[in-house]
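Read through the structure below, which is laid out as structure tokens, and then see the notes.
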Amino acid sequence: TGDRVPKLLDFGIAKILDPETDQAMAPTAVGMRLMTPEYASPEQVRGDNVTTVSDVYSLGVLLYELLSGHAPYRFKSLLPQDIAQIIEEKEPEKPSAIVNRSEEVTTGGRRTITPLSVSATREGRPEKLRRRLTGDLDNIVLMAMRKDPLRRYFSVGQFSEDIRRHLDGLPVIARQDTLSYRSGKFIRRHKVGGAAAAVIVLTLVAGIVATSWEAHVARAERARAVAAGARAERRFNEGRRLADSLMFEIHDAIADLPGSTPARALLVKRALEYLDKLDQEAKDDPSLQRELAGAYEKVGDVQGKTLRANLGDTAGAKESYRKALRIRKTLALANPKDSSSRGDLADSYRQFGRVLWSSGDTAGGLENASNEVVLREALAAENPTNMQARYDLAVSHADVGEILLEQGLTTGAAESLRLALAAFEALLATEPLNQKYRIGTAFVGSKSSEVMLWQGDGAGALKTIRKALAQDASLSDAYPMNAHYREELAIDYERVGDTLQNLGDVSGALESYRKELLIFEKQSAADPANAQFRSDLSSAYMRIGNILATLGHTADALDNYRKALLIREVLAPADSMDLWKRWDLILASAKTGSTLAKLGQNSAALENSHKTETLLRDTTDDPTSVWLLNYRADAGSDLGEAFSLIASHRTVPINQKRELWLAARDSYQHSLDIWQDMRSKGKLSSAETRKFDQVTREIIACNKALAN
């Protein structure tokens with residue numbers, strides 16, 4: 001301005017509103033994204049999400065020009081691909097290096113920039129300017145302009161503070177913190193004091209050697225202690241800022257937004273690298289340990305939290321939750337009367353138990369869930385008016401009930417779910433609009449319907465699940481951007497479909513499954529990196545395929561099975577620790593093979609069935625989950641069906657028929673053995689009982705064919 005006050009207008013984010021001036025946007029555009037190319041960050045050029053960290057980059061470019069008199073990049077043209085390539089791939093030279101260069105520029109008229117013309121308005125001489133920029137200023141500018149947003153200053157305030165520290169002669173965070181660097185800074189700030197100290201030291205050394213040596217040792221020890229204390233305090237504060245800002249503030253703000261999984265993954269990657277280093281130095285600091293545990297839990301959530309948006313990294317989630325649990329146990333043991341530490345420990349038991357359970361370790365899941373219940377009951381008893389303690393106890397009962405149900409222990413499951421439902425309904429009566437209480441009540445109602453269906457009460461199950469569905473539908477309508485609420489609604493549609501199918505209403509079941517599919521298709525499209533959504537989508541395809549196969553629409557059934565198989569072939573190798581994903585793949589492969597055989601596509605059916613055989617042979621796990629056991633039995637039954645259908649075809653040579661009938665009988669027998677064992681333990685549902693009888697008949701048919 002006329003008063004010599006600089007004002008920053010924008011970084012090229014203004015939009016042209018007049019259509020007649022549309023051509024004028026060309027100099028500030030890359031593709032269809034409005035920006036000033038010279039100041040655009042790599043994420044702007046790529047079209048990624050732009051945050052205030054992008055402003056840090058653009059400010060870094062401005063500082064580069066102010067200090068060096070040169071632009072950091074020279075573009076051959078303003079073609080989008082040329083600009084993008086340079087900004088994304090080319091690293092700018094250090095400002096101290098570029099000041100010695102001469103170049104011709106056209107900005108503001110054609111002119112030549114020389115070392116003398118640049119230094120004349122700055123430090124007077126080129127060499128003096130180069131020395132002035134070398135070190136702190138080089139590092140500050142280049143840190144602000146890093147390609148990776150998470151490696152820049154996390155805010156303009158931090159960027160500004162580093163510049164102020166440089167001007168004050170203090171160490172800056174853009175430089176590696178070494179003793180020599182800090183000492184050099186100290187001496188430059190205190191030149192007179194440093195010289196006087198040097199004279200005194202020399203006098204002492206010359207006069208009293210022994211005393212001087214002892215003093216030197218003492219000073220060195222004190223210096224090391226001060227440096228160690230400063231380093232510990234600095235790292236403590238950095239860890240706290242990292243955990244609070246990255247894993248709590250930013251992560252929580254985007255956790256339920258569609259499409260947020262890649263951003264959460266990047267947060268996890270950067271945070272985990274630092275947390276593991278910080279963990280080694282937090283042993284004696286309970287406050288930092290507590291925050292570390294919380295950060296590890298957030299990391300585990302993104303890596304593989306059960307039934308929530310995650311990256312499908314079950315092994316990584318286990319490790320992160322295990323680290324958090326270790327820290328929580330240490331803190332609770334050190335202060336057993338602290339209810340906060342015990343509550344945190346209960347949280348860790350829940351998270352670690354659920355990831356064990358979701359990967360097929362139901363025994364480990366139940367052990368951790370039971371440990372959680374013990375802690376929750378004590379905490380709720382100590383403070384009966386604490387609503388959070390009562391809520392946490394209800395959730396822990398629900399977890400135990402869910403795991404017991406999966407093990408086929410319906411009596412114990414029903415009791416745990418009854419306790420959970422009573423607790424949630426009591427909470428809901430005090431706050432009818434509380435989201436947590438509403439979603440908890442709906443969830444436990446949904447699981448209770450499964451128990452009823454397992455026990456043969458189809459009518460009761462249908463009434464209960466429809467009540468839960470109405471609650472979740474209300475929540476989903478009220479909060480349309482909450483992906484978790486929509487996922488719960490989709491699962492309710494699935495259970496309505498299961499119940500209707502059990503009651504013989506096949507068309508009603510198909511309608512409900514299609515509503516589920518529609519939700520998961522939208523979820524997966526909005527967040528394609530989300531492994532949980534893709535897994536849910538594949539399961540919806542499988543259920544619709546099963547219904548279509550029952551109705552005789554074999555070709556349509558095959559189309560759905562193939563869609564499910566494509567997804568599961570990607571998910572299973574990506575997460576080899578997840579037993580569920582492996583069995584999902586096996587079941588989809590078996591269903592695809594039997595359906596191909598029904599359509600008479602014998603060659604494709606045989607090839608697919610041999611792949612399924614290999615998958616079954618390579619998967620030697622012995623799951624305790626009744627659902628996984630049913631997966632194994634269903635896969636064997638479908639494989640047997642595929643082999644028997646191919647063997648029955650008139651074009652198959654007689655010598656191959658016997659081999660196929662033997663393979664069919666072996667596969668059927670494998671399924672029969674599983675269901676027979678489950679029946680002897682009282683874990684066979686009515687639906688599986690019908691399959692048991694059908695497989696028995698198929699084995700008899702195989703024996704007759706072999707005899708013929």
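The values are calculated or read from the model by the stated rules, or taken from the named source; none is laboratory data. Bear in mind that the values here come from a model prediction, so they are computed numbers and not experimental data. Cβ coordinates were reconstructed from backbone atoms using ideal geometry, including for glycine residues, and neighbour counts include every protein chain displayed. Just the protein is used for accessible areas: all its heavy atoms, side chains included, with ligands, DNA and RNA removed. Shrake-Rupley method; radii C 1.70, N 1.55, O 1.52, S 1.80 Å.
State whether the residues of the range 440-461 include one that is more than 27 Å from Trp675 (Cα to Cα), more than 29 Å from the chain's Cα centre (by Cα) and free of Cβ contacts under 8 Å to residues at least 60 places away in the same chain.
The answer is no, given that none of the residues of the range 440-461 is more than 27 Å from Trp675 (Cα to Cα), more than 29 Å from the chain's Cα centre (by Cα) and free of Cβ contacts under 8 Å to residues at least 60 places away in the same chain.
I need the full set of residues from the range 458-485 which are outside any helix (DSSP H, G or I) and open to solvent by 50 Å² or more (accessible area, probe 1.4 Å), in order please.
Residues satisfying the conditions are Tyr479, Pro480, Met481.
Looking at Ile567, Ile519, Ile544, which is the one that is open to solvent by 20 Å² or more (accessible area, probe 1.4 Å) and under 30 Å from Lys467 (Cβ atoms)?
Of the residues listed, the single one that is open to solvent by 20 Å² or more (accessible area, probe 1.4 Å) and under 30 Å from Lys467 (Cβ atoms) is Ile519.
Give the number of residues within the range 377-414 that are within 15 Å of Gly343 (Cα to Cα) and more than 27 Å from the chain's Cα centre (by Cα).
12
Identify, from the list Leu606, Leu616, Leu660, Leu599, the residue that is under 23 Å from Val570 (Cβ atoms) and in contact with a helix residue (DSSP H, G or I) (Cβ under 8 Å, 6 or more places away or on another chain).
Going through Leu606, Leu616, Leu660, Leu599 in turn, just one is under 23 Å from Val570 (Cβ atoms) and in contact with a helix residue (DSSP H, G or I) (Cβ under 8 Å, 6 or more places away or on another chain): Leu616.
Across the range 642-671, what is the number of residues that are among the charged types (D, E, K, R) and open to solvent by less than 10 Å² (accessible area, probe 1.4 Å)?
0
Which members of the range 672-698 meet the condition of being under 12 Å from Ser644 (Cβ atoms) and surrounded by 18 or more Cβ atoms within 10 Å (Cβ to Cβ)?
Of everything in the range 672-698, those that are under 12 Å from Ser644 (Cβ atoms) and surrounded by 18 or more Cβ atoms within 10 Å (Cβ to Cβ) turn out to be Val695, Glu698.
Out of the range 347-380, which residues are open to solvent by 30 Å² or more (accessible area, probe 1.4 Å) and in a loop (DSSP other than H, G, I, E, B)?
Asp361, the sole residue that qualifies.
Just the residues that are open to solvent by 10 Å² or more (accessible area, probe 1.4 Å) and either among the β-branched types (Val, Ile, Thr) or assigned to a helix (DSSP H, G or I) (or both), please, taken from the range 448-457.
Hits for the range 448-457 are Ser448, Glu450, Met452, Leu453, Trp454.
Can you spot a residue in the range 333-342 that is closer than 30 Å to Gly458 by Cα and within 29 Å of the chain's Cα centre (by Cα)?
No, the range 333-342 contains no residue that is closer than 30 Å to Gly458 by Cα and within 29 Å of the chain's Cα centre (by Cα).
Please go through the range 43-69 and pick out each residue that is open to solvent by 40 Å² or more (accessible area, probe 1.4 Å) and either in contact with a Leu (Cβ under 7 Å, 6 or more places away or on another chain) or assigned to a helix (DSSP H, G or I) (or both).
Within the range 43-69, Arg46, Thr52, Asp55, Leu59, Leu62, Glu65, Leu66 meet the criteria.
Considering every residue within the range 286-295, establish whether at least one is modelled with pLDDT under 75, in a helix (DSSP H, G or I) and touching a Ser or Thr at 6+ places or on another chain (Cβ under 9 Å).
The answer is no; no qualifying residue exists.
For residues in the range 131-162 being farther than 25 Å from Phe75 by Cβ and more than 35 Å from the chain's Cα centre (by Cα), which is most open to solvent (accessible area, probe 1.4 Å)?
Only one residue fits best here, namely Arg131.
Of all residues in the range 70-103, which are of a type in the set (Gly, Ala, Ser) and either touching a Pro at 6+ places or on another chain (Cβ under 7 Å) or assigned to a loop (DSSP other than H, G, I, E, B) (or both)?
The answer is Ala71, Ser77, Ser102.
Looking at Gly508, Gly545, which one is within 29 Å of Gly360 (Cα to Cα), modelled with pLDDT of 90 or more and out of contact with any His (no Cβ under 9 Å at 6 or more places or on another chain)?
The match here is Gly545.
Could you tell me whether Leu34 is more than 34 Å from the chain's Cα centre (by Cα), at pLDDT below 80 and over 26 Å from Ile163 (Cβ atoms)?
Here the answer is no, as Leu34 does not meet what is asked.
Test Leu639 against the stated conditions and say whether it is closer than 18 Å to Met542 by Cα, surrounded by fewer than 18 Cβ atoms within 10 Å (Cβ to Cβ) and not charged (D, E, K, R).
no
Would you say Gly440 is buried (at least 20 other Cβ atoms within 10 Å of the Cβ) and modelled with pLDDT under 90?
For Gly440, the condition - buried (at least 20 other Cβ atoms within 10 Å of the Cβ) and modelled with pLDDT under 90 - is not met.
May I ask you to say which residue of Glu402, Glu406, Glu488, Glu425 is within 26 Å of Ala380 (Cβ to Cβ), among the charged types (D, E, K, R), open to solvent by 50 Å² or more (accessible area, probe 1.4 Å) and in contact (Cβ under 8 Å) with a residue 12 or more places away in the chain?
Every option except Glu425 fails the conditions.
Please verify whether Gly343 is open to solvent by 20 Å² or more (accessible area, probe 1.4 Å), farther than 30 Å from Ala572 by Cα and either free of Cβ contacts under 8 Å to residues at least 12 places away in the same chain or not aliphatic (A, V, I, L, M) (or both), treating the condition exactly as stated.
No: the conditions fail for Gly343.
With respect to the numbered conditions (1) in contact with a helix residue (DSSP H, G or I) (Cβ under 8 Å, 6 or more places away or on another chain); (2) of a type in the set (A, V, I, L, M, F, W, C); (3) open to solvent by 40 Å² or more (accessible area, probe 1.4 Å), which one is the sole condition not fulfilled by Ala555?
(1)
Looking only at the range 319-340, count every residue that is closer than 22 Å to Phe533 by Cα and either open to solvent by 30 Å² or more (accessible area, probe 1.4 Å) or not in a helix (DSSP H, G or I) (or both) and tell me the total.
0
The rows are residues; the columns are (1) at pLDDT below 75; (2) not small (Gly, Ala, Ser).
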residue: Leu150; (1), (2): no, yes
residue: Ala195; (1), (2): yes, no
residue: Trp213; (1), (2): yes, yes
residue: Val217; (1), (2): yes, yes
